[in-house]
Every structure is written in structure tokens, then in C-alpha cells.
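So the structure is just underneath, and the comments pick up after that.
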Amino acid sequence: MDARNPSFSGPTGGRKGPSRGCGSAAGRAVVAVAALLAAGTAVAYDVVGFTPAANNRFSSGFPSAPVTNTSGSFVGLPYSWLGVGWATSDPTKGFAFLTPKHYLVARHYGGATTISLLSAGGQVVTGTEASVTATGYGFTNNGTQAPDISIGELTASLPSAYGLPRYGVFDANSSSTTNSTYVGQPLMVYGRGPDGTQSPRMGIATVNGWSVSGSNSSITSNVTTGTLQVGDSGSPDFIRWTNPNGAAEIAIIGNNAATDFATINVYNFLGAAAVMNAVNALTTPDGYALKIVGTPTNTWVGSSSTSIGNRGAWGLSPPSSAPSDKYVLFSGTSAGNGRAVSVDTNANLRGLFFKSTGSGTLGFTFSGTGTLTVGRGGIANYDTSRQTISSTISLGSSQYWNVGPGGVTAAAINTGTAGYLLEIDGSGTARFTGTISGSGGIALTGKRLELTGSNTFRGGTWVHGGTLSLGNASALASSRASVAAGGTLAVAAYLDTTVAGLDLAGGGLVDVGNGGMTVTAGMSATSLVAALVAGRNDGLWNGTSGITSSAVATDVALGEERAVGWLDKGDGSVFFAYAAPGDTNLDELVDSLDTANFLAGGKFDTLEPASWIDGDFNYDGFVDILDAASFASTGLFDTGYYNQPPLAFGAGIGSLAAPVAAVPEPTGLAAAGIAGIMALAAIRRSSGKA
């Protein structure tokens, strides 16, 4: 920052007290911010009563080998600070990460070419900055004459192994547009040390004012506990809060902007609804939504009524009405047996929290013909119980769901016409069984997401981590999937599915299992084969990137010849599937058509470029004796379908084709077809063309 001198007007001599209004009818605690003056000369966050043990993030070694401060007097306990990094070239600059790829920056202070962080393993790791983009909101600094909140973006997301916490943005708005409830909130202020070799510092303060008008979005504190100094801009500020499950957390509220050194500190304010929307607009194109958190104002009781729109179901009496645009809490313990929620009317909830009961059997079920609109706070399930929402969900904003250990099941989800993103995180499994529609998208950063509906949503699909399982032929028929390193896009057993596009450039994995996948656009035959070679991993089919098959890996380990075959359909689409070498047309049969393709293609031992349909079964681009041997060794010629589900118990004859197993030696027509292939090989070699 250049921490500069702002002046403030107000009835308390330039500062607002935590409970004072400004004379307006609404009694809002508003601070009027005037022009900034000259910069001060101090160079470190000045904490009143500073001691290294109480206020330094690191006890020694910063910035090359920082040692975390574990003193019992440290004000930063018990929170995780792994999501706050520093500029590698200027360690006095601090940045807090909102997602694994995006971080908070003060526009007038700028970003950094490289950002360093301390990983969960204790190593200093780095990320490279790609860009810094202004949001159009924040405190207007005198130096830039522009709103100060900006978002930095890395060239690639930081790996989950680094252990970055996912900081929430604290949303204390009493309504979608009123910010007065931030006054009195406890702040944790993060600032620079005296120079680049001394630890960043932290101090405690209290919000005593706010100003949200047009592009201006700022909050303030007095300087009785600490004063921002030159160079502190951009470093983050947090609200210390107790989450709905009773645990202590920190949530981002903004970053340092300015000070007058005598009475007041000014912080860029993220908590205004318009600012959060602007930040989401910068993060969602990369498949990340802001995690937005708030304190529940209502708790479900469910004793006198099960209707979500009935005030009695929330333990309210006249003239109160059922909550709308509020954070609400569902607890299996406090609700007793009232865990069935009837969505018999349309309802709008800003965020839903499910408190841990410790039982794993006290999940809630939502059903009914009404639509449940979920706002920017999304869903957080702290419980080991699964929460089930059978009613239609409409997204009211881009949002982040932590499905927790118990998981969440949802039916139809409408992402809307504004292109809202739904990001799924958590250690449990999310299951979406109905149709996902709209122009928005889906992202997975957690453990597992299962899509079993026929979906029509047109936005992107991102797999940042975990496994996204496709259980329907049209699960991603209208969506382009991007899979990053550590993420897996999996196909359910015996399913052929379609995706609108596929991007594996980030090092992600597709596991086709014993199914298949059509990519309708954007994937060339060359890039497809490269992905298959990566997944094949020298024939073991256990690669960690590219396209592979866990079913093929199992078969190969048992000594069976299997692979992932592929076809260029000639219309811009490609298809790949679990296959046996020799099944050139991928119809799950090895027969005379395949022999004809192998022989009639004229590619054998010619060194002419060839594909799977020509007989190239090892992806080297040619057809040779190795491919002929793979063809012959399967023993599947004219033996029927080789990749069918097992017969269901009691199924009638012909209801499902039974799977076949390889036999030791080919017989009959098999011998004739394969003999022709091997004879062709012999002719080629004897004529000197091999």
C-alpha cells in the first residue's frame, strides 16, 4: 500500500462508534470517506502492545524457511494461515487466496510476478501470476483514483496437496443490501513486518463503520489496537466467527487500504452483495465460486408444521414470517423427528447449514412441488448424515457447496439464465439424480460427484479434484468438461456417454471403465491418441493422466488382452471405449468385419499412418506384426459379445447377452481369419517389405 491519510466526517469526530447511527432514518453506521492526503513514513503494521510471540505469524526463518509461530499467546491461533502468501520478490506484500487460483489484491499496490506460500508440508511453494483484474469496487485511493479491490489469478491452480484452506467471505448482511450488521464484528488484521526478512504481523480490531455507495465499498476500525502503515495495502483482513457447527473459523472480509495514522484504518470491503457478485464474475470462468458464509438467523424446528413456508416450522410466532433471503440452520437434534421438510410453496434461502449430530442417521429430506431457491451462501453439511433434496432447486447466485462427510443428494437443479456456477466440495459424495438445466456450469473440488440425470445445462464442467462419475448417456451432452491434475472423469459401468467437449491439458484423467465416451467437438484424433498413450502407461493402463480404463487395467493384470479403442467419426467427433484388440469398429464383437478392416486397409507393414480401425492396437501409428499378434491372442473371433453386463438373477434367456471369456486357441472361422492376417505378415516379410 501506500497507506495514506484519509479524513472522515461524522458525529464522533471522524469515527463512528459501533452502535451510533449517522442521523439517517435507517440509522446506518456510515463513514463518509474524503480525499487521501500525503503518505506516512512508517513501514510496518503497528500493533499496540506488540510482542513477537503474540503477533508474528512466523517465529523465525521468514521468508525463505519460515517457522510457524506456535506460541500459546499467538492471536492467530487456532486458525489456518496457509492460504495467505507473500510476493517472492517483495515479502512485505501479503495476499489471501479466495480459491486455489485467485487471490485478493489492492489495486493501488499491485500484485506480484511470483507468489510464495508455506505448504501444509512445511515447504515454501510458489505460484506464477497471470493477471490482476479490478472489480470496480472498493475504497477509492487518492493515488489511483479508482476502486481498490482487485483479483489476482495464477497461471494454474495450486495443488490440493499444498493444504490451502478455503476461506469463506463473511456475509453479515441483514438483508441483501444492508450492511449495518458488520459494525461491532471482531477483525483480525494482517500486515507487513518492518522489512522483507521479518515476519508478517497480526492484530485484533473491531469494525466501527462502513460505507457502501456506488463503487465505494469500505469498512473501518479505530487505531486503539493497531495502525496500518505504508506497505500494508493488499494484506487481508478476517472476521473471527463461530461457524454453525460451533467451531472457530476466520472468514475474509477485505484487505488493507488506507489510514490517517491518528484515528482510523480503512479496509476494502468484500461483504457487500455487489462486490461478491463482481468477484464471482472473475472466478467462475475458471470453475471456482466464492465460498460465502454467514450466521444463521433461524433454526428449523419442524414440530408444529413441516411446511418450509410456515413460521411455526421455524419456531416463530406472529407477526414473524418464515425466513426469506436468510441463512438458516437444520439440526437433526433440535428438530427431533421433524426432519421431513415440505417444500409445498416456493422458498428463498440465502444459505442452508446442516449441523453435525454425530449419529449419521438424522438426515433431512426435502420434498414437494415448490421450488427451493438457494442463494449465494449455498449449502454446508457438517453432518455424517446424508441430506436429500427431492424438490427442484434454483440457483440464486453462483455458489459453493460443502457436502461434508455425509453428502448431499439433489434432484433437478436449474442454474438459471445468468450462467451461475455450482461448485461442489467436501469429503462425502454428492449425487444429482435429476436434470441439471440452464446456462450455468458445475465444478468439483471435493471427493466425488455422481450425475445420473439426463442434463441440458450449457455451461462448463470442471473437475479440479476428486471423481466426477457420469451415470447417464446425456450427463454432459451439452457441457464441455475440463479435468485438472488430480481429477478424474469416470464413466459408469457398461455406459456409452456423450460430452460436448473434453480438455485434459491440465493433466487430468478420464477413466472409461468398461464403457465408452463420445466427444462431440474440440478433440482431434492426434490429441486423443496422445491422451490414450498417457493413460496406457506402457500397456498397464494405470496412467495418472490422459485416458485410461480401470476395467482394462484389471483385465490386463489377469493376463487378458484389452485396451481402449477409438474412432474418428469424421464429423468433428471422436469415440473411445473399452475394447479388445481386433474389434476395429468397436461394436463389442470381433468378427469378419474386423478381419476385413484389418486386411482391406492395406496398412499392414507399409509404415503408412494408421488408426485403430486399420489395426493399430498399440497406438504407435502403424500396423505391424505386434498388432496382428494382439488380434490373434484375444481368442474372441466369432465368439459373441465380449463386454456385456452379467445376467441378472432370474433373467430370461436372451434378456442380456452373457459375457464371454477368452479361450486358449481360436477355432473355425477364427483360425481362418487370423491365418489370413498372419499369412499376410509372412508375405510382407518374405518380399522384403517388413
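Each reported figure results from applying straightforward, stated rules to the coordinates on display, with no laboratory input. Keep in mind it's a predicted model, so treat the numbers as computed, not measured. Cβ: placed from backbone, ideal geometry, glycine included. Neighbour counts: every protein chain shown.
When the Cα atoms of region 342-579 are enclosed in a convex hull and the volume is divided per residue, what value in Å³ results? Don't skip to the answer; put the middle values down first.
Working: hull volume 27.7 nm³, N = 238.
Once divided by residue count, the hull of region 342-579 is 116 Å³.
Apply the Karplus curve 6.51 cos²θ - 1.76 cosθ + 1.60, θ = phi - 60°, to the phi angles in region 296-301 and return the couplings in whole Hz, x for Gly and Pro.
x, 9, 9, 10, 5, 10
Can you list residues from other chains, or at least 5 along the same chain, whose modelled amide H is less than 5 Å from the amide H of Arg431?
Hits under the 5 Å cutoff: Val408, Thr409, Ala410, Glu450.
When the helices in the chain are scored as -39500 (n - 2.57) per DSSP H run of 4 or longer and the sum is shared across all residues, what 222 nm value do you end up with, to the nearest 500 deg cm²/dmol? Walk me through the numbers on the way to the answer.
Details: 7 runs with 71 residues, N = 690.
That calculation yields -3000 deg cm²/dmol at 222 nm.
Given the convex hull of the Cα atoms of the chain, what is a quarter of its surface area in nm²? Mind showing how you got there, number by number?
Numbers: hull surface 144.3 nm².
It is 36.1 nm².
Note down, for region 553-630, the three equivalent ellipsoid semi-axes (square root of 5 times each alpha carbon gyration tensor eigenvalue), biggest first, whole angstrom. Working shown, then result.
Details: eigenvalues 68, 49, 29 Å².
Semi-axes, largest first: 18, 16, 12 Å.
Taking the DSSP beta bridges in the chain as the whole, what percent of them are antiparallel, to the nearest 5? Kindly include the intermediate steps, with their values, before the conclusion.
Working: 73 of 157 bridges.
About 45 percent, rounded to the nearest 5.
Enter the angle in degrees (range 0 to 90, nearest 10) between the Cα long axis of helix 669-686 and the first principal axis of the Cα atoms of the chain, meaning the one along which they spread out most.
It works out to around 90 degrees.
Under the 0.36 nm per residue contour assumption, what length would be gained going from the current alpha-carbon distance of Ser71 and Ser324 to full extension? If you can, show how the numbers build up before the last one.
Numbers: separation 253, 0.36 × 253 = 91.08 nm, distance 4.37 nm.
Full extension of this stretch gives 86.7 nm more.
Can you give the net charge of the other residues whose Cβ lies under 13 Å from the Cβ of Leu164, counting K and R as +1 and D and E as -1? Show your work: numbers first, answer last.
On the way: positive: Lys101, Arg166, Lys291; negative: Asp425.
Net charge in that neighbourhood comes out at +2.
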